[in-house]
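Visitor: Take a look at this one; I'll ask things after.
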Amino acid sequence: MTVSPLSMIEFSLPPELEASAPPEARGLRRDQVRLMVSNYSTDQVRHDRFNHLDEYLSEGDVLVINTSRTRNSALAASRADGTALELHVSTHFDDELWTVEVRSVHENGKTKHLEDAREGEILALPVMAKAILQRPYISDCTDDAKPSETLWLAKPIFPQPVDDYLARYGFPIRYNYVKERWPLSFYQTIYATESGSAEMPSAGRPFTSGLLKRLTAKGIRIAPLVLHTGISNLETHESPYKEFYRVTPETARTVNEARTAGQRIIAVGTTAIRALETVTNADGQTHAGEGWTCLVVTAQRGLRAVNALLTGMHEPEASHLAILEALAGLSHIKIAYNAALHNGYLWHEFGDLHLIMP
């Protein structure tokens with residue numbers, strides 16, 4: 001039994017409920033994953049398929065989507081003594097420094113955080129590229145931040161533009177519950193436009209062009225924004241780090257109009273919530289903006305921007321659970337997650353979805 005440091009929700013996740021492959025490998029279209037719909041005003045829980053999402057939304061509702069594209073953010077690497085490693089490149093800062101995680105590679109193909117990486121160590125990367133480890137990453141979001149247990153600041157030296165290099169020599173970050181490598185197309189939403197995410201904003205994965213057409217034909221508005229996601233901390237569950245976001249004037253206006261009209265504002269994923277909350281005032285007005293966000297949403301802080309959320313199933317210690325709790329309350333999320341466990345929903349980026357509504 002585990003407890004998130006930001007949330008009071010606790011449960012045990014059976015290994016068989018971890019989605020180990022994309023739904024396409026299970027004979028499903030990406031929009032045929034399961035959809036649990038829960039209403040936090042009534043505690044009602046219903047079970048459906050994602051391709052019926054339009055049946056739960058109404059004209060005037062707004063879907064806020066994150067259009068960040070996922071990179072091939074994992075690279076084969078090696079130490080000076082030839083030890084095989086895997087380097088996960090996360091967030092690119094302005095001064096040529098990146099946050100990275102160094103992972104050891106085991107015979108069964110699984111990887112684990114490397115404990116003995118050293119300052120100044122030079123890691124060899126494909127085609128004569130390299131990464132020089134600088135120091136453990138310390139977030140500048142708070143004055144009392146401690147060094148990360150997993151992330152380093154590093155200076156990668158690539159022989160060509162980063163997106164070209166990663167597209168050719170990298171591969172998607174894969175956690176140990178996913179049994180084999182899948183091409184980047186399996187880690188991409190259909191509406192992604194701007195490269196920058198180390199990991200897929202996975203709540204948007206099940207959307208198809210056909211479903212989006214049905215939604216817009218029904219009068220549901222799509223409001224895009226960008227938040228480039230960094231690496232998840234599945235082993236140490238550290239709080240989210242700062243990430244780059246952009247909210248356009250058009251999206252801010254759409255959200256404000258919907259709020260004034262009493263319509264539902266549904267964030268597609270916790271990344272969309274993080275960006276929107278960053279640019280929403282205490283009085284509930286959303287404005288345009290871009291930059292780096294350090295915001296960590298907690299149940300104590302609450303939400304200002306949205307009143308509904310479409311999200312995946314989050315593991316016990318994930319900080320995302322605090323966002324769900326801020327939206328719907330602790331007791332409702334407990335009810336919903338008990339239902340998900342009882343009904344065999346699948347977790348993680350290739351798993352099922354949860355629509356949380358008023």
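Visitor: Under 7 Å between Cβ atoms, at least 6 apart or on separate chains: pull out the pairs that start in the stretch 286-314 with a residue that is within 19 Å of residue 245 (Cβ to Cβ) and end on any residue that is surrounded by fewer than 16 Cβ atoms within 10 Å (Cβ to Cβ) and at pLDDT 95 or above.
Guide: 288/248; 288/249
Visitor: Then there's this: Could you list all residues from the stretch 290-325 that are assigned to a strand (DSSP E or B) and in contact with a Ser or Thr (Cβ under 7 Å, 6 or more places away or on another chain)?
Guide: 293, 311, 312
Visitor: Of these, 245, 345, which one is of a type in the set (Phe, Trp, Tyr) and not in a loop (DSSP other than H, G, I, E, B)?
Guide: Matching residue, one of 245, 345: 245.
Visitor: I'm checking my understanding of the structure. Among residues of the stretch 182-203 that are in contact with a Gly (Cβ under 9 Å, 6 or more places away or on another chain) and either outside any loop (DSSP other than H, G, I, E, B) or among the charged types (D, E, K, R) (or both), which one is nearest to residue 94 (Cα to Cα)?
Guide: By that ranking, first place goes to 197.
Visitor: Might you check whether a residue that is β-branched (Val, Ile, Thr), in a loop (DSSP other than H, G, I, E, B) and either within 19 Å of the chain's Cα centre (by Cα) or under 19 Å from residue 104 (Cβ atoms) (or both) occurs anywhere in the stretch 136-148?
Guide: Checked against the condition, which is being β-branched (Val, Ile, Thr), in a loop (DSSP other than H, G, I, E, B) and either within 19 Å of the chain's Cα centre (by Cα) or under 19 Å from residue 104 (Cβ atoms) (or both), the stretch 136-148 yields no hits at all.
Visitor: Another one. Which of the residues spanning the stretch 58-71 are crowded, with 21+ Cβ neighbours inside 10 Å and either more than 18 Å from residue 226 (Cα to Cα) or β-branched (Val, Ile, Thr) (or both)?
Guide: Scanning the stretch 58-71 gives 62, 64, 65, 70.
Visitor: Identify all residues within the stretch 331-354 that are among the β-branched types (Val, Ile, Thr) and either buried (at least 22 other Cβ atoms within 10 Å of the Cβ) or not assigned by TED's automatic domain parsing to the domain that holds residue 312 (or both); write none if there are none.
Guide: Result: 333, single match.
Visitor: Can you tell which of 288, 272 is modelled with pLDDT of 95 or more, more than 21 Å from the chain's Cα centre (by Cα) and within 24 Å of residue 91 (Cα to Cα)?
Guide: 288
Visitor: Are any residues in the stretch 35-78 within 22 Å of residue 337 (Cα to Cα), in contact (Cβ under 8 Å) with a residue 24 or more places away in the chain and among the β-branched types (Val, Ile, Thr), and if so, which ones?
Guide: 37, 45
Visitor: Let me ask another. Which of the residues that make up the stretch 150-170 are exposed (fewer than 15 other Cβ atoms within 10 Å of the Cβ) and assigned to a loop (DSSP other than H, G, I, E, B)?
Guide: Hits for the stretch 150-170 are 159, 160, 161.
Visitor: Any chance you could count how many residues in the stretch 49-100 are in contact with a helix residue (DSSP H, G or I) (Cβ under 8 Å, 6 or more places away or on another chain), of a type outside the set (Lys, Arg) and modelled with pLDDT of 95 or more?
Guide: Of the residues in the stretch 49-100, 19 are in contact with a helix residue (DSSP H, G or I) (Cβ under 8 Å, 6 or more places away or on another chain), of a type outside the set (Lys, Arg) and modelled with pLDDT of 95 or more.
Visitor: Let me ask another. Which number in (1) surrounded by fewer than 17 Cβ atoms within 10 Å (Cβ to Cβ); (2) closer than 16 Å to residue 22 by Cβ marks the one condition that residue 186 misses?
Guide: Every listed condition holds for residue 186 apart from (1).
Visitor: Is the stretch 5-18 home to any residue that is of a type outside the set (Asp, Glu), modelled with pLDDT of 95 or more, at negative phi and surrounded by 14 or more Cβ atoms within 10 Å (Cβ to Cβ)?
Guide: yes
Let's see how each residue does on (1) closer than 30 Å to residue 257 by Cα; (2) among the charged types (D, E, K, R); (3) assigned by TED's automatic domain parsing to the domain that holds residue 80; (4) surrounded by 13 or more Cβ atoms within 10 Å (Cβ to Cβ):
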site: 114; (1), (2), (3), (4): no, no, yes, yes
site: 128; (1), (2), (3), (4): no, no, yes, no
site: 141; (1), (2), (3), (4): no, no, yes, yes
site: 176; (1), (2), (3), (4): no, no, no, yes
site: 193; (1), (2), (3), (4): yes, no, no, no
site: 204; (1), (2), (3), (4): yes, no, no, yes
site: 207; (1), (2), (3), (4): yes, no, no, yes
site: 212; (1), (2), (3), (4): yes, no, no, yes
site: 217; (1), (2), (3), (4): yes, no, no, no
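Visitor: Checking residue 88 against (1) farther than 30 Å from residue 249 by Cβ; (2) in contact (Cβ under 8 Å) with a residue 12 or more places away in the chain; (3) part of a loop (DSSP other than H, G, I, E, B): exactly one of these is not met. Which one?
Guide: (3)
Visitor: I'd like the full set of residues that are closer than 18 Å to residue 162 by Cβ and in contact with a Lys or Arg (Cβ under 8 Å, 6 or more places away or on another chain), limited to the stretch 90-121.
Guide: 91, 96, 97, 98 - these are the residues of the stretch 90-121 that are closer than 18 Å to residue 162 by Cβ and in contact with a Lys or Arg (Cβ under 8 Å, 6 or more places away or on another chain).
The values are calculated or read from the model by the stated rules, or taken from the named source; none is laboratory data. This one's a predicted model, so the numbers in the text were calculated from it and none came from an experiment. Here the Cβ is made from the backbone with ideal geometry for all residues, glycine too, and neighbour counts use every protein chain on show.
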